[in-house]
Structure formats: structure tokens, C-alpha cells
Amino acid sequence: MKITIAGAGAMGSRFGLMLHQGGNEVTLVDGWPAHVNAIKEHGLHANLNGEELTVQLPIELQSEVKEGEKTELIILFTKAMQLDQMLQDIKPLIGAHTNVLCLLNGIGHEDIVEKYVPMENIFIGNTMWTAGLEGAGKVKLFGNGSVELQNLGKNQEQVASDIAKVLSESGLNASYSSNIHYSIYRKACVNGTMNGLCTLLDTNMAGLGETHPAHEMVATIVNEFALVANHEGVSLDVPEVIEHVEECFDPTTIGKHYPSMYQDLMTNNRLTEIDYINGAISRKGKKYGLATPYCNFLTQLIHSKEEILKAK
Ligand code: NAD
């Protein structure tokens, strides 16, 4: 299949590499000139479960995408705040039969995607794969994962299953979900607690879990997500979600990991996706007349920290 990966950072590179190895015709599109040039000149370097690989993959700077042959599938993997600009830049690749799969973390990306893509061609999903960017042109890819996805348009279930099949044939372990909004909200609860709290408290997830207020903070934030989700017809099993979130505290599994927001802001001085996680709950809460004080406050604190650190 002719596939474009729009946003070829850590996750886009993982998906691009695996889909290429699976025999698809993959092109990467990205907005970071140094990364694009490094891949053009030296290929994509990957440490894939300990094995060092260099793969030659076509890559284009998003601002230079030109009218040409339309692509069959676009997988969106920008950071949330880069999504709108990416979709504008790749408009020349989107035809009447181009399916677009959005796999970013966070809530409400479909509102942006639908400005550029007809509803029947939009698919949204959730992934448990992980990836790390080690510098321009270089990624570290460890462990296993999965993908769940669903169509937003009516009667497109078969197309969603076909996309999942293409991904699975390249080892990405994808499946059709009949309730993707539930999975997205459930995962957003993990990001909406671990990301902001660990970043503000300057600790890893195990460190957060050892503090006395941790459980109450997690439970309050998850309840705010559940309140908003419920207004949208998604009924979260709150005790199960809290238990799922608190599994992150376990130092023998992933507890010693610093969440991605910590790495973005504290390690790499980059802006965060807070507006699309707790900030999305805050905005939706305001719109629906629901109180979301913890999400409001967390969003403000992270924005203040971004300003103090002059993150870009
Ligand atoms: P990423 O930061 O690695 O890449 C996103 C974009 O930012 C890419 O276009 C990349 O080129 C650009 N970028 C990265 N570093 C840059 C720098 N120093 N200067 C300029 N541009 C830079 O993001 P990601 O980790 O691939 O995440 C993409 C989406 O997937 C996000 O919504 C994220 O929350 C989600 N996600 C990530 C993981 C993970 O393990 N990384 C797992 C699941 C979901």
C-alpha cells in the first residue's frame, strides 16, 4: 500500500520503518529540517530491540510537499499542536480516496482532521507502541505494542478492518475497535495524570506513586475525565481506570520511566501537549458546564512552567 507518515518523529519513524519492512511503499513527511536532511543523506538509523539498522526511506519536508500522486493511507503522528499545520501542508497528497488515520495521544483531534478530510475517510485510534527520538535521524525502538482503530464515518467498518490488517501484516498488531472513544479516554487518563504531575513534581511515576496525595490526585483527575466523557456518551469504568493508571507506579514494570511530557519539557525544553489532554477536558468542561478544577489548574501550571523554561 502507498502510505504517507505525516510526522516522522519517534512514533512516525517506528510505524514508517515497520510498514516499510512489511513491504509497503512508505514516504515520510516531517517539519524538522535537520531530521529530514539527516534521513535524506544517511537514512533512518534505528536501534530496533537492540539491533542497529539503517533504512533508506523517502522523506519530504512538509513545507515542500507538492501536488502529485495521491496517497492511499496517511498516518498522522505529529505532536498535537503541530497537527493543523501538517494537514494544511499535506493537502496535495489527500485525494477523494485517501484514508487518514490519526494516532496521536489526546482528545478531540478529529475536530481538526475533519477540516481537511471527508468524515468517511477519517479513522482514529490509540496505540500502546512506544518510541524514542535520540536526535535528528535516529530512533530507539524497544518492546511490543498494539493499535486499536475505528472509522468515524458511517459504514466504513470494513475499511477500518482492512487498515488494521495492513498494519498487522507489518507486525504492528492492530485491531478494529467498536468503541475507540472509550480506549482514547482511558489512555488519556494515564497521560492526564502521569504527564502533568510527574513534570510539575520533577519525579518519575514510581516517585509520584510513593507520595501520600498521589491516589487522591489521580482519582480526582480521572473523575473529571469521566464527567466530560459521560457527557459525550462514553461511560468510563472509573475504579478500573484508576487501577489501570496506578499500575504505572510499579517500579518493577514502568514506574521508573519519566513520562513523555517530562521528557519534552524538562529534558528537551519543548512545548507540551497539555492543551490536548487536561486542557481538552478543561475546554470541554467549560463548554458543557461541568466543573474540572484539577484539569484547569494542571493546564495552567504546565503553561507557566513552559513560559518559565522558555520552551519552544
Ligand atoms: P516526536 O516529538 O518524536 O515527533 C513529533 C514531531 O516533532 C515530529 O515531526 C518530529 O520531527 C518533531 N520534533 C521532534 N524533536 C524535535 C526537535 N528537537 N526540533 C524540532 N522538531 C522536533 O513525537 P512522538 O513521540 O513521535 O509522538 C507523536 C504522537 O504520538 C504524540 O501525540 C504522542 O503523544 C503520541 N505517542 C507517543 C508515544 C511515544 O512513545 N513516543 C507513544 C504513544 C503515543
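Throughout, read-outs are computed from the coordinates displayed, never taken from laboratory work. Worth saying up front: this structure is predicted, and the values here are computed from it rather than measured.
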Angle in degrees between helix 278-288 and the longest Cα principal axis of the chain, rounded to the nearest 10
70
Would you mind checking which residues have amide H under 5 Å from residue 175's amide H? H placed 1.01 Å from N; only 5 or more apart, or other chain.
147, 148, 149
Per residue of segment 75-81, in order, report the coupling 6.51 cos²θ - 1.76 cosθ + 1.60 (Karplus, θ = phi - 60°) as ³J(HN,Hα) in whole Hz, putting x for Gly and Pro.
10, 8, 9, 7, 6, 4, 6
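Rounded if a/c is under 1.5, else prolate if a/b is larger than b/c, else oblate: which is segment 174-247, with a ≥ b ≥ c the root eigenvalues of its Cα gyration tensor?
On the way: a/c = 2.37, a/b = 1.78, b/c = 1.33.
Prolate, since a/c reaches 1.5 and a/b exceeds b/c.
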Rg and Dmax of segment 193-312, using alpha carbons, in Å: what are they?
14.3, 41
Ellipticity estimate at 222 nm from DSSP helix runs (n ≥ 4, -39,500 (n - 2.57)) divided over the chain, nearest 500
-11500 deg cm²/dmol
Sort out for me the Cα centre separation of segment 28-63 from segment 85-126, rounded to whole Å.
23
If amide hydrogens are placed 1.01 Å from N in the peptide plane, which non-local residues have theirs closer than 5 Å to the one on residue 59?
28
Step through the residues of segment 218-232 one at a time and calculate ³J(HN,Hα) from phi using the Karplus curve (6.51 cos²θ - 1.76 cosθ + 1.60, θ = phi - 60°), rounding each to whole Hz and writing x for Gly and Pro.
4, 4, 5, 5, 4, 5, 5, 4, 5, 4, 5, 4, 4, 5, 9
How much length, in nm to one decimal, is gained on full extension between residue 136 and residue 40, taken as 0.36 nm per residue of separation minus their Cα-Cα distance?
33.5 nm
Straight-line reach from residue 2: which aspartates and glutamates have a Cα under 16 Å away, not including same-chain ones fewer than 8 places off?
25, 60, 67, 69, 72, 162, 169
Kindly write out, for segment 138-143 in residue order, the coupling ³J(HN,Hα) from the Karplus curve 6.51 cos²θ - 1.76 cosθ + 1.60 (θ = phi - 60°), rounded to whole Hz, with x marking Gly and Pro.
9, 10, 10, 10, 10, x
How big is Rg to Rh over the chain, alpha-carbon atoms, Rh as the Kirkwood inverse-mean-distance radius?
0.95
